1. Pull out all pairs, ordered by first then second residue, where Cβ-Cβ is under 6 Å, the residues are six or more apart or on different chains, the first lies in the range 31-57 and is within 15 Å of E107 (Cβ to Cβ), and the second is of a type in the set (A, V, I, L, M).
2. For residues in the range 47-94 being assigned to a helix (DSSP H, G or I) and small (G, A, S), which is nearest to S215 (Cα to Cα)?
3. Of the numbered conditions (1) touching a Leu at 6+ places or on another chain (Cβ under 6 Å); (2) within 24 Å of S165 (Cα to Cα), I9 satisfies every one except a single condition; which is it?
4. From the set of residues in the range 104-150 that are over 23 Å from the mean Cα position of the chain (by Cα) and acidic (D, E), which is farthest from L7 (Cα to Cα)?
5. Across the range 348-376, which residue is surrounded by the fewest Cβ atoms within 10 Å (Cβ to Cβ) among those that are touching a residue at least 24 places away in the same chain (Cβ under 8 Å) and more than 26 Å from the chain's Cα centre (by Cα)?
6. Go through the range 17-46 and report how many residues are in a loop (DSSP other than H, G, I, E, B) and closer than 18 Å to R221 by Cα.
7. Exactly one of these conditions fails for G335: (1) among the small types (G, A, S); (2) part of a helix (DSSP H, G or I); (3) surrounded by fewer than 20 Cβ atoms within 10 Å (Cβ to Cβ). Give me its number.
Amino acid sequence: MKAIIDLHIHSRFSRACSKELTLPNLARWAERKGIDLLGTGDVTHPAWRAEIKEQLEEIAPGIFTLKKDQGKARFLLTTELSCIYKQNNKVRRVHHIICFPSMAAVERLVASLEKRGCNLRADGRPILGLSSQALLDLVLEADPGCMFIPAHVWTPWFAVFGSESGYDSLVECFGDELVKHIHAIETGLSSDPAMNWRISGLDSVMLVSNSDAHSLRNLGREANQMELREMSYEAFAEILRTKDRSRFLQTFEFFPEEGKYHVDGHRACGVRLTPAETKKHGGLCPVCGKQVTVGVLHRIDALADRPGGISPASAVPFRHLIPLEEVIAEVLDVGKASKKVAGLYEKITTDIASEFALLLDYPLADLAGRVPDLLVEALRRVRAGEVQIAPGYDGEYGVIKIFSDADRQIAKPHSLL
């Protein structure tokens with residue numbers, strides 16, 4: 001069965017996350033988005049774990065659904081853990097996604113972490129004073145079937161390859177013995193698979209993409225599509241463990257320029273720089289003279305041992321997408337948080353098809369007369385990659401445009417709703 005999978009999300013118990021992130025809301029929005037299998041996120045947090053136990057039931061090995069619910073949404077037990085520690089005279093801040101085959105495995109890891117004094121109550125994404133190697137050891141002790149996936153690996157401040165606190169290779173982070181247990185890495189919003197293909201050392205792992213959603217609307221902004229032999233934890237995990245590229249069908253990606261750490265820059269001064277410009281200025285902001293934040297593109301350039309444009313034998317296909325609400329917002333020429341956008345989004349995802357279906361393959365001819373004409377053209381352009389982007393930098397998301405001002409002047413009048 002084909003399944004769209006988003007492993008990396010959060011609950012309302014994580015800092016800077018929406019209070020609307022409840023299990024019933026997640027199930028409802030997963031269906032609206034067209035997500036078949038959703039990570040629970042934050043399963044090591046005691047209050048969220050209690051809600052999972054109370055509100056979900058296991059319907060297949062490692063797969064959960066809302067009790068007494070007839071919906072299609074399914075959940076997998078997941079969390080993100082933050083390791084902050086010192087190694088080789090450098091402070092490391094590295095985030096990891098853990099996928100669990102059972103609640104018993106979760107409980108065993110929680111007990112091990114609490115025994116070591118880790119505070120799991122303070123945040124849904126807790127900070128651990130453990131190294132990445134130590135955490136991986138504990139995860140494998142809890143259950144060797146767990147999946148340990150380094151998160152958003154290029155983010156400057158909190159990632160295994162981050163320019164500010166990371167490493168130059170997976171072996172450097174995990175060591176020669178443990179690195180064999182790293183079957184996948186998460187590329188993050190600011191890079192796409194093609195950028196990662198420039199590093200031959202990553203040919204041995206699978207590249208996954210997830211939303212890292214802090215709100216319901218951001219679910220599925222990146223995701224994976226797999227052909228599962230059955231709806232079970234093991235069916236998902238074996239694809240990563242055996243690197244089965246025949247069943248890992250594709251990933252769905254942000255345009256990486258839209259990610260908030262794609263290029264270099266200094267947000268306080270509004271300065272956005274290419275890697276070449278950063279080098280020209282000696283790594284300093286040309287306005288204030290302070291150090292710029294080195295982005296993902298620059299960091300990949302530094303570690304790459306291949307030119308761009310090469311697709312290795314290990315490659316899994318991918319497609320760039322723009323979240324449907326962003327597309328609608330540009331069509332209506334309003335902010336994406338406006339009531340008009342929410343109203344049209346709810347109407348078409350309820351009456352016509354899920355967000356993924358509309359973005360990917362719903363026949364555009366069948367939308368005629370049911371949505372604004374300009375929305376049909378916008379979806380065509382997104383599918384064709386016909387967009388313009390001012391890349392993100394230093395924590396600022398990139399600005400993506402589907403239509404130019406000239407396009408709008410010649411566009412035919414259309415009904416908004």
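1. Listed by first residue and then by second, the contacts come to T40/I52; T40/L77; V43/L77; V43/V106; T44/V110; T44/L120; R49/V43.
2. Taking the range 47-94 first, the residues assigned to a helix (DSSP H, G or I) are 47-55.
When the remaining residues are screened for being small (G, A, S), the result is 47, 50.
Working: A47: 18, A50: 21 Å.
So the residue we want is A47.
3. Unmet for I9, out of (1) touching a Leu at 6+ places or on another chain (Cβ under 6 Å); (2) within 24 Å of S165 (Cα to Cα): (1).
4. Going through the qualifying residues, I end up with E114.
5. D373
6. Residues of the range 17-46 that are in a loop (DSSP other than H, G, I, E, B), as a first pass: 17-22, 34-36, 40-45.
Those still in the list that are closer than 18 Å to R221 by Cα too: 17-18, 20-21, 34-36, 40-41.
Qualifying residue count for the region: 9.
7. Condition not satisfied by G335: (2).
To keep it simple, each residue is scored yes or no on (1) at pLDDT below 95; (2) of a type in the set (A, V, I, L, M, F, W, C); (3) in contact with a strand residue (DSSP E or B) (Cβ under 7 Å, 6 or more places away or on another chain); (4) part of a loop (DSSP other than H, G, I, E, B).
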site: E177; (1), (2), (3), (4): no, no, no, no
site: G188; (1), (2), (3), (4): no, no, no, yes
site: A194; (1), (2), (3), (4): no, yes, no, no
site: L207; (1), (2), (3), (4): no, yes, yes, no
site: N210; (1), (2), (3), (4): no, no, yes, yes
site: G220; (1), (2), (3), (4): no, no, yes, yes
site: M226; (1), (2), (3), (4): no, yes, yes, no
site: R229; (1), (2), (3), (4): no, no, no, yes
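The values are calculated or read from the model by the stated rules, or taken from the named source; none is laboratory data. Keep in mind the model is a prediction, meaning the values are calculated, not measured. Glycine gets a Cβ as well: all are built from the backbone with ideal geometry, and neighbour counts include every protein chain shown.
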